[in-house]
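See below for the structure under consideration.
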Amino acid sequence: MKIQTLSNLLSEELKDIYDAEKRLVRALPKMAKAASTPDLRSAFEEHLSVTKKHVERLEQVFDLLGVPAKAKPCAGMKGLIEEGEETMKEDAAEPLMDAALIGAAQRVEHYEMAAYGTARAMAERLGNQEAVDLLQETLDEEKEADEKLTEIAEQLLQGMDASVAEETTSSRSRTRTSKA
């Protein structure tokens, strides 16, 4: 498709986001299963239900724009999810795996926040306040998810078994010494 107008560009952006959200609906149950702490598992499960609402909200935005709700492959989200899947295959102690899962999830959240912020700004420029409101609602929920993940990460790191943290510190010291 040749993009000649801001409306065309917004439609293309929404198709990309639509695919990203659908991919995330498939990925979140795997992340929840891989999480060992109840808070993290619960956060992933909760975000799954919220993400399903994001898909529905995007469909509403497509309707407002008079564009069919159609996904366009989102290479960015595909890559982020592949990285998360690689992380889940690592052999790591449970608290370290959870910390790695949080990192993977936050990269996804930041990607989504950028996408929704851009789409929201485009809808605003086009004067479509209903679309702006729907996109802003999702953007706010993505920010909330990111903040919740940060809180869980801080709790996880504070409660991390001293031997896991100590081993990590010792490994870094050995690496610096061997590089010197």
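Peptides 123-129, 112-118, 142-148, 153-159 ranked from most to least packed by the mean count of surrounding Cβ atoms within 10 Å: 112-118, 142-148, 123-129, 153-159. Peptides 86-99, 42-55, ordered by how many other C-beta atoms sit within 10 Å of their residues on average, highest first, read 42-55, 86-99. Once the Cβ-Cβ distance of E154 and K78 is raised to the sixth power relative to R0 = 35 Å, the FRET efficiency obtained is 0.75.
Under a cut-off of 18 Å between alpha-carbon atoms, report the lysines in cross-link reach of K70, not counting same-chain residues fewer than 8 places apart. Those lysines meeting the cut-off are K2, K15, K22, K52, K53, K78. Placing unit charges on the Cβ atoms of the charged side chains and taking the dipole of the chain about its Cα centre, the candidate lying farthest along the positive direction among Q129, A69, V55 is A69.
Taken about its Cα centre, segment 6-159 carries a charge dipole of about 580 debye when Lys and Arg each add +1 at the Cβ and Asp and Glu each add -1 at the Cβ.
Take the Cα of E85, step 7 Å toward its Cβ, do the same at R107, and the gap between the two points is 1.4 nm.
Placing pseudo-labels 7 Å out from each Cα toward the beta carbon at Q4 and E56 gives an inter-label distance of 3.7 nm.
Per-residue ellipticity at 222 nm from helix content only, as computed over the chain with -39500 (n - 2.57) for each DSSP H run of at least four residues, stands at -30000 deg cm²/dmol.
The coefficient of translational diffusion for segment 6-159, derived via Stokes-Einstein from the alpha carbon Kirkwood radius under 37 °C and 0.692 mPa s, stands at 207 µm²/s. Measuring nothing but how far apart in sequence close Cα pairs (under 8 Å, 6+ apart) lie, relative to its length, the chain scores a relative contact order of 25 percent.
We did not get these values from a lab; they are worked out from the coordinates using the rules stated. Quantities reported herein were computed from a predicted structural model and do not represent experimental measurements. Virtual Cβ from ideal backbone geometry, glycine too; neighbours counted across all protein chains shown.
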